[in-house]
Amino acid sequence: MRPLFFVLISWLCSLTLARAGGLEETLTSPDGRVAVTLQQRADAAGKRALYYSVRYEGGTVIRESLLELQLDNHLSESAMALPVDRRPRWFENLQVVGTRRSAHDSTWKPVTGERAEVRDHYRALSVDLVKDDNPIYQVTVEVRAYDAGVALRFAFPENPKGSYYRILSEDTEFALPAGTRAWFHGWAQAPYRLLPLRDWPDQSERPLTLELPNGLHVALLEAQMVDYARTKFKLSTARPDTLVTAMHDPADLISPFATPWRGIMVARAPGRLIENNDFILNLNPPSRIADTSWIKPGKIMRVMTQTTAAAKANIDFAARHQLQYILFDWKWYGPAFSFSSDATRVAIPDFDLPGIIEYAKARGIGVWLYVNQQALLAQSDTLFQTYRDWGVKGVKFGFVQVGSHRWTTWLDKTIQQAAAARIMVNVHDDWRPTGEQRTWPHLLTAEGIRGNEEMPDATHNTVLPFVRFLAGAADYTICYYDPRIKTTHAHQLALAVIYYSPLQTLYWYDKPEMSQDEPELAFWDRIPTVWDETRVVQGRPGESVTIARRKGDEWFVGSITNNDARSIKLPLSFLPRGRRFIATVYADDATVPTRTRVGVRTLKVVADDVLALNLPASGGQAIWLSPER
C-alpha cells in the first residue's frame, strides 16, 4: 500500500502543478556567461502566467518579466463554429506539453558586411504549450542564448481548424534594475536623450540601448519583422523601471507563423555591442538570392542639379574620386507625392537620362534613381524590370510608410520584386531594418537615422554607432563642403569608417564645383564600403568612438569626439605583428592653408605603437594604414 500511496500523491502533485503551471527551465549561452530562465506559474489571481529573466555573469540584466500576447480571434472562431476565447490574457490557460533543447554552431559569409565571416552559435530551448480547453490552439516559446545575448519569440503551428489569428498587442515586459537609463529617441530620425525609465514624452524607437547601474550595457532589438507590425518600447504603468513591447497596430496572421524575435544584447563595454551587431542578422533566414554577383557595394553621390550637364560633371567627379555611383533624387519624374507622376518618364527639361546612363557606364559609374512610395505602389510590378532594361543599378525608396502590418508586408514584397529584377535597394525616411538584409542582401542600406539632412551635432554622431547601427547599415548622407555642417571636416572624413553602409553616400549636399580636390579627399577615394574585420578600439555613446576596419591587408581608422575636445590613445595592437605599416593621418589642423583645415602626414608604425589623437571640439581623425612594401 505504501508504494501505491506515494504514486497517488505524486500523481496528484503533478496534476496540481499542471493546472497551476510549474515550468522552470534555464538556458545558458555557449560561453556560460548569459543565462535566461523561463517559468510558468500561477499569478496572484490563480491564472497561469509565463515569465522570463536574464542574467549576465551572475548579474541581473532583466528581472522577472511577463511574456504575453493579447489575441482576438472571435470573428474567425465564430465563422468556423469554434469555441470563442475572450480571455483578456491569452496565455492564462496554456498548459506545458513538452520542452526541447538543441544547439547550433555554424559560420556564413555575408554578401556585404562588416566582417568576412559571421559565426552563428547558440543554444536553444523550445517550450510547447496548448490551450487546456481548446487543443486547436498551440504555441511554442522559442528561446536562443548567444554569447552576445538572448532572443525570444512565439511560434504558432498550422491550425487544424483554419482559424485566423489577430494579435492586438504583444505585452512582453523588460523589467530593468532600478537606476537604468535609456538612450531614448521617439522616432527613427529623432535626436537622442539619456533618460531614466520614467516620464518619457513618447514611446521609444528600437534598437534601444540601456546603461545599467551595475555597469552593463544592454540593447533591446527587434529581428525578422517582415510580417507583423513594428514595435517600440513604452513605460509600464504597473511596474517601475519596466518597459513593455508596444505594437504599432494589430497584426492579422495565418498559421503557421512566428512573431518577430525580441533580442536582448548585453556586454560589459559598449563597444562590444557594435562588434556583436551580427546578432540581429543571425535571427534572420539565409540569403534567398542564389546568384549575388550583381550586388555591388560602393560609394555614391547625389546630383544636386538635375540637368544633363550637371549629371556629366558629377559623373566625371565620381570617376576622378573613385566613387561607383551617382543618384538622381526625387522629382526627376514629376511631383513625387502624386499618383499621376509616371516613374518611367523623365518630367524635367534638359535631362537626357538614356544618354546620361551611357555616359556614366563608359566611365565605370552606375546610376541610381529615387522613386517615392506613390509610384512604387502603382508601378512596382513592372517598374524594376524597366529600370534593369535601362541599365539602372539601384532604386532609392522614398517616404515609405512604416509601422503598420500592412506597410511592413508591402515593403517586404517590394524589396523582393526589386531582387527579381536584379535592382539594388536603399530605403529612406523612418524605416529601420531588422536584419532582413541577410535574407535580401541587395538591400544595401536604409535611412532610419538622423543624419546630415538635419545636420546634427558631434555629440549626436557619437551616439549613433551604439544604437542605430546595431540594426544594420544606415545611410547617414555624409557631407563635406556644405557650410551647415556642425563638425570639423576631419570628423566628416572619419564617419565613412565609423558608419557602416555598403552603399555609402558621400558629398550629400555638395556639388563638384565646390571641391578644390583637397589632398585629404584621398582618404575617401581609397576607402571601401564593406569589410573583412571590424574592431571597436574605444568609445562611449555621447562621448567618443574609435573604430578600426580591415579590407585585405589595409586598415582604416575613424575617431570622433563629441562637442568637447578630447585626447584619445589609439593602440595599434590590431595590426599583425612583425610587419611595418605606413600610417597616413588626416587630422584637423588650424594651421593648414586650405578651406577645410585638414592636415595630412605619414609615419611608419608597428603593432606595439600607440598613437595620440588630439581631437578638437566636434573634431575627428581618419587614418589609412597600408603595409610597407
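The values are calculated or read from the model by the stated rules, or taken from the named source; none is laboratory data. Everything numeric in this text was worked out from a predicted model, so none of it was measured. For neighbour counting, all protein chains shown are included, and Cβ atoms are generated from backbone atoms with ideal geometry for every residue, glycine included. Areas reflect the complete protein model, heavy atoms only, side chains present, ligands, DNA and RNA absent. Shrake-Rupley method; radii C 1.70, N 1.55, O 1.52, S 1.80 Å.
Look at residue 608 and say whether it is under 30 Å from residue 517 (Cα atoms) and either open to solvent by less than 70 Å² (accessible area, probe 1.4 Å) or in a loop (DSSP other than H, G, I, E, B) (or both).
Considered against the rule, which asks whether it is under 30 Å from residue 517 (Cα atoms) and either open to solvent by less than 70 Å² (accessible area, probe 1.4 Å) or in a loop (DSSP other than H, G, I, E, B) (or both), residue 608 comes out as no.
If you check residue 485 against the conditions, is it open to solvent by less than 10 Å² (accessible area, probe 1.4 Å) and either farther than 18 Å from residue 188 by Cβ or within 17 Å of the chain's Cα centre (by Cα) (or both)?
When the stated conditions are applied, residue 485 does not pass them.
Specify which of the listed residues (124, 151, 103) is assigned to a strand (DSSP E or B), in contact (Cβ under 8 Å) with a residue 12 or more places away in the chain, among the small types (Gly, Ala, Ser) and in contact with a Gly (Cβ under 8 Å, 6 or more places away or on another chain).
Result of the check over 124, 151, 103: 151.
Taking residue 569 as the residue in question, decide whether it is in contact with a Phe, Trp or Tyr (Cβ under 8 Å, 6 or more places away or on another chain), open to solvent by 20 Å² or more (accessible area, probe 1.4 Å) and not acidic (Asp, Glu).
When the stated conditions are applied, residue 569 does not pass them.
Give the residue that is nearest to residue 564 (Cα to Cα), with candidates limited to residues of the stretch 488-535 that are among the charged types (D, E, K, R) and within 27 Å of the chain's Cα centre (by Cα).
535
Filter the stretch 167-210 for residues that are out of contact with any Lys or Arg (no Cβ under 8 Å at 6 or more places or on another chain), outside any strand (DSSP E or B) and open to solvent by less than 20 Å² (accessible area, probe 1.4 Å) and give the result.
180, 186
Determine, yes or no, whether residue 585 is within 26 Å of residue 274 (Cα to Cα), in a strand (DSSP E or B) and either open to solvent by less than 50 Å² (accessible area, probe 1.4 Å) or of a type in the set (Val, Ile, Thr) (or both).
Yes; evaluated as a whole, the condition is true for this residue.
Which residues, taken from the stretch 78-93, are under 37 Å from the mean Cα position of the chain (by Cα) and not aromatic (Phe, Trp, Tyr)?
Across the stretch 78-93, the qualifying residues are 85, 86, 87, 88, 89, 92, 93.
Quick one: residue 114 ticks every box in (1) modelled with pLDDT of 95 or more; (2) open to solvent by 50 Å² or more (accessible area, probe 1.4 Å); (3) assigned to a loop (DSSP other than H, G, I, E, B) bar one, so which box is it?
That leaves (2) as the condition not met.
Which residues, counting only those in the stretch 446-474, are in contact with a Gly (Cβ under 8 Å, 6 or more places away or on another chain) and under 19 Å from residue 370 (Cβ atoms)?
Passing the criteria: 446, 474.
Can you pull out every residue in the stretch 60-74 that is in contact (Cβ under 8 Å) with a residue 40 or more places away in the chain and open to solvent by 20 Å² or more (accessible area, probe 1.4 Å)?
60, 63, 64, 66, 70, 72 - these are the residues of the stretch 60-74 that are in contact (Cβ under 8 Å) with a residue 40 or more places away in the chain and open to solvent by 20 Å² or more (accessible area, probe 1.4 Å).
Every residue in the stretch 330-378 that is part of a helix (DSSP H, G or I) and of a type in the set (A, V, I, L, M), please.
Answer for the stretch 330-378, where residues must be part of a helix (DSSP H, G or I) and of a type in the set (A, V, I, L, M): 353, 356, 357, 360, 362, 375, 376, 377, 378.
Residues 346, 425, 367: which one is without any contact (Cβ under 8 Å) to a residue 40 or more places away in the chain, within 23 Å of residue 303 (Cβ to Cβ) and open to solvent by less than 10 Å² (accessible area, probe 1.4 Å)?
425
Across the stretch 390-416, what is the number of residues that are over 21 Å from residue 230 (Cβ atoms) and in contact with a helix residue (DSSP H, G or I) (Cβ under 8 Å, 6 or more places away or on another chain)?
Residues that pass the stated criteria total 4.
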